[in-house]
């Protein structure tokens with residue numbers, strides 16, 4: 001499995017994602033993208049739909065990408081990478097390409113959970129050989145912090161504001177990781193920016209399998225989460241320790257939880273660090289809503305433990 005030294009040595013041989021971009025100070029996306037790309041030793045082609053990553057890394061006349069990179073529409077990254085992969089296979093069959101090339105999508109939660117879900121589902125069902133990485137910062141951050149279906153319950157967003165009628169987003173977040181598992185693809189995982197070696201290990205394991213691979217990475221956002229710019233790693237760690245965001249993988253249908261917190265840390269410890277949940281700490285109604293959030297975190301964790309027990313095994 002890749003170590004910090006191995007990843008650093010690969011980067012020394014050729015940086016695949018450079019500095020000079022205009023992502024916000026404290027944004028977690030550069031750490032995730034660099035880790036993913038350098039965990040793959042083969043040549044890489046990347047597709048990115050419209051979003052924070054695309055806008056901030058490709059402003060003419062500069063670019064932060066040192067690999068072949070394609071900007072595509074918000075909704076069709078999975079469809080485009082499918083076409084590129086199919087063209088590669090055709091050229092390889094004709095003897096025009098002889099080297100192994102890997103295909104990766106780096107997309108936000110808006111372009112994955114919502115607008116791009118149909119294209120993603122189709123690509124997974126067809127069985128194209130690519131890795132899809134969701135940079136999940138839990139809202140449409142690039143266009144003004146609008147809620148997405150990845151946004152957690154009660155989080156304040158510009159399209160789910162805090163007021164007299166609602167206190168942030170009323171709905172629970174979509175469990176996209178399990179929706180992808182239902183497609184029966186070889187490799188699915190959840191990761192977090194706070195655990196980069198875990199992420200690198202998952203990328204390396206994923207690339208051992210032919211066909212679609214999917215990794216959902218919790219990628220903190222100081223702007224939308226209303227947190228200090230130097231808190232990205234701590235925010236993600238708290239999400240993992242409170243079991244809000246479990247680190248696990250599903251390899252050919254077999255579940256494995258990669259990290260089980262030793263102590264039960266209340267999700268309140270994570271919520272209170274973020275301005276988007278500040279309203280929950282004002283009165284009794286907020287306490288009731290936090291109890292509901294905790295109950296859902298507990299339910300999902302227990303369900304995951306049950307899946308590991310019933311469908312576990314060595315990947």
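What follows draws every value from the coordinates through simple rules; no lab data is involved. Bear in mind that the values here come from a model prediction, so they are computed numbers and not experimental data. Reconstructed Cβ throughout: ideal geometry from the backbone, glycine too, with neighbour counts over all protein chains shown.
I'd like the distance separating the alpha-carbon centroids of the stretch 100-130 and the stretch 199-228, in whole Å. Cα centroid to Cα centroid, the span is 13 Å. Largest GNM mean-square fluctuation across 61, 266, 43, computed for the chain with C-alpha springs under 10 Å, falls on 61.
Working note: Debye formula, equal point scatterers on the alpha-carbon atoms of the stretch 239-288, no solvent; log10 I(q)/I(0) at q = 0.13, 0.20 Å⁻¹ is -0.44, -0.74. Taking each residue as 0.36 nm, the span from residue 291 to residue 24 lengthens on full extension beyond its C-alpha to C-alpha distance by 92.8 nm.
Across all directions, the average flat footprint of the convex hull enclosing the Cα atoms of the stretch 227-315 is 6.7 nm². Peptide packing: for 19-29, 74-84, the average count of neighbouring Cβ atoms within 10 Å per residue gives the ranking 74-84, 19-29, highest mean first. Largest GNM mean-square fluctuation among 54, 249, 172, using the chain with Cα springs under 10 Å: 172.
Note on the stretch 4-311: the alpha carbon radius of gyration divided by the globular reference 2.2 N^0.38 Å gives 0.99.
Between residue 89 and residue 182, take the C-beta separation as r, use R0 = 35 Å, and let me know the FRET efficiency to the nearest 0.05.
It comes out at approximately 0.85.
Exposure proxy ranking for 271, 289, based on other Cβ atoms within 10 angstrom of each Cβ and starting from the fewest, stands as 289, 271. With respect to the chain, whose longest principal axis is taken over its alpha-carbon atoms, helix 117-126 is tilted by about 40°. For the chain, the 222 nm mean residue ellipticity estimated from helices alone, with every DSSP H stretch of n ≥ 4 adding -39500 (n - 2.57) and the total spread over all residues, rounds to -11000 deg cm²/dmol. Of all the options 92, 287, 237, the one that moves most in a Gaussian network model of the chain with Cα springs shorter than 10 angstrom is 92.
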